[in-house]
Amino acid sequence: MNKKLFNIKNIITGAMILSAGAVNAQQWDIIGNLGTNSSNYVGTIDDATLFLRTNGQKDDGGQAYLNAAGSFVVESTNNTNDIKGKGNIVAGTKHVLGSNTNSSIVGGWGHQLTESGGANFVTGQSNIILNGAGKSVAMGWKNTIRATNQFAIGVGIDLTTEYSGGFGIDLAATGNRSFVFGANVKNDIPYSVMFGLSKIPTMLIKDQMVGVRTTVPTANFHTVGTVRLESLPSGSGKALVVDANGNVMVATTTVAKQANDETVTELQSQIDDLKQELIDLKNLLKQTSVKDISSNNNAILYQNAPNPSKGETNIKYYLPADSKNSSIEIYSVSGQLVKSLPIRMTGEGSIALNNMKSGMYLYKLSINGKTIDTKKMLIND
């Protein structure tokens, strides 16, 4: 008899629980959640927080909850988070999210989002978002976001204006749309990217210009200090020249890039030969510069024109009427006879020279085997 009464009590108790569940399900349905019933939902019928616990008899049991604003919180230390915003996913401990902090993902320890806007992603420890900033990323430790659309990845990064970012340690970006990478660097230059590992930045990129050890580049690539190029390939091409302001330009002449020991030795030998030829030329000029005819001989040898010239030039002369066996002879700087041009007419005259190779030449006027005068001319390509 007692056993039958016990079974009846169990049946009545079960019916009451199902009845209560049906009532709660009906209240849930009333607020617009069609399709829910006592068998397919877990929730509350008021603004109370819905807790999920494991090891519920312990103070430090695993705990997660869905608060009245619709934010889901998984706690590493129970009851330490203060979450007021709606639609957030939060994990960790000691986070503070203000009422305007919505639709954000927060993880770690001790983030301060009291003044934050929505749609932020924050992880690490002790990051701060201020001024209603939203759509930003803070990853690391003690980073500060002060405007919308920023990213800070690292430690101690402080970002001021929107659309700015930092990656590294102890950085600051205060310029409009400025970015900074490295350590201990502050970028206050708008629309730029700065790199460095000290208070003096190493590189700045701005307006399609790159500055190395300068924050005010004036060329596409502007560097202050030494430049070293190592293990370059051999080849031929234009030489580089540097003007007084340090601008590097391409020369108009073609040079070989390769220079080994043999090339240097050969060039030095050519320099020594040219020096000796210059000495010989000076001696030759001393020997031939004095007119070797009598004082009553008025023969004249004029300077060629144009001088220097490009392959073509004219040599004017004057011969007295009694001049015989006259000629103009042209020599290289080494003393080799290049041309001998006989003169058959006395008086004023000229000789045209064509197709001369580039170089320096000596030319002299001779009458009856005696040198009258010697001059120099220069032919360019």
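Below are the figures for this structure:
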item: Cβ-derived FRET efficiency at R0 30 Å, Phe121 paired with Thr49, nearest 0.05; result: 0.80
item: Point-to-point label distance, Ser332-Ile205, nm (Cα→Cβ direction, 7 Å offset); result: 5.6
item: Three-way shape call for the stretch 136-214 based on the alpha-carbon gyration tensor, with the a/c threshold at 1.5; result: oblate
item: Inter-probe distance in nm under a simple model that places probes 7 Å from Cα toward Cβ, at Asn149 and Thr346; result: 9.7
item: Loop trypsin sites (Lys or Arg not before Pro), the stretch 176-219 (other Cβ atoms within 10 Å of the site Cβ: 14 or fewer; DSSP); result: Lys199, Arg213
item: Of Lys275/Lys339; Lys84/Lys199; Lys310/Lys364, those spanning more than 30 Å from alpha-carbon to alpha-carbon; result: Lys84/Lys199
item: Added length on full extension, which subtracts the Cα-Cα distance from 0.36 nm per residue, Val227 to Asp322; result: 27.2 nm
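Only the coordinates and a few stated rules stand behind these numbers; no lab work does. For clarity, every value in this text was computed on a predicted model and none was experimentally measured. All Cβ positions, glycine included, derive from the backbone under ideal geometry; neighbour counts span all protein chains shown.
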